[in-house]
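Presented below is the structure to which this report refers.
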């Protein structure tokens, strides 16, 4: 019973951890701390069939930026699902300026991949002969199992509307999200933390 209680606590702890992490980031030399009054458009570049995922990713990042005191808005909420279809660059920029947008933060799903891993049923150290023998003997009588991990690879860029320059770029990875909502929440927390570390967002 004691072991079951410990295992339950451990599983609860692991389940509460974020499954999204920043793998790399870059900040332009011209990028400064964003003014809280600036209006940031959060734009998900995600396939139409994954519209729910796009809404979740945009919405949670908007909420995270607002919690830091910034004026953020979802592109889906502001313009709808096909906001820039059949439009040229200048028309789009004019639309953004008319909406008072100062920066655009894109969220692009680069890839989604599944990874199969073999988990041994028994683990023993590779010590001299007897340790090696007992390790493999244990593997024979304690078969393992195959686990499948799902990875989402994201790239996000922050652009200045007036200058059209790239201010910031970040790559991140989400692993085994329980839902689109949980992934959006974890992703947003990781991104806002990195933007604050890079000096783009003010520390509260």
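The values are calculated or read from the model by the stated rules, or taken from the named source; none is laboratory data. Not measured: the values here are computed from a predicted model. Virtual Cβ from ideal backbone geometry, glycine too; neighbours counted across all protein chains shown.
Of all residues in segment 43-93, how many are outside any helix (DSSP H, G or I) and closer than 18 Å to residue 183 by Cα?
Here the count works out to 6.
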- Message: Anything in segment 20-45 that is within 13 Å of the chain's Cα centre (by Cα) and crowded, with 20+ Cβ neighbours inside 10 Å? List them, or say none.
- Response: 20, 44
- Note on the structure: residue 50 passes all but one of the listed conditions (1) at pLDDT 90 or above; (2) under 17 Å from residue 158 (Cβ atoms); (3) surrounded by fewer than 17 Cβ atoms within 10 Å (Cβ to Cβ); the exception is number (2)
- Filtered residues of segment 62-72 (kept if modelled with pLDDT of 95 or more and crowded, with 20+ Cβ neighbours inside 10 Å): 62, 64, 65, 72
- Check off (1) touching a strand residue (DSSP E or B) at 6+ places or on another chain (Cβ under 9 Å); (2) at pLDDT below 95; (3) farther than 23 Å from residue 93 by Cβ for residue 37 and give me the number that stays unchecked. (3)
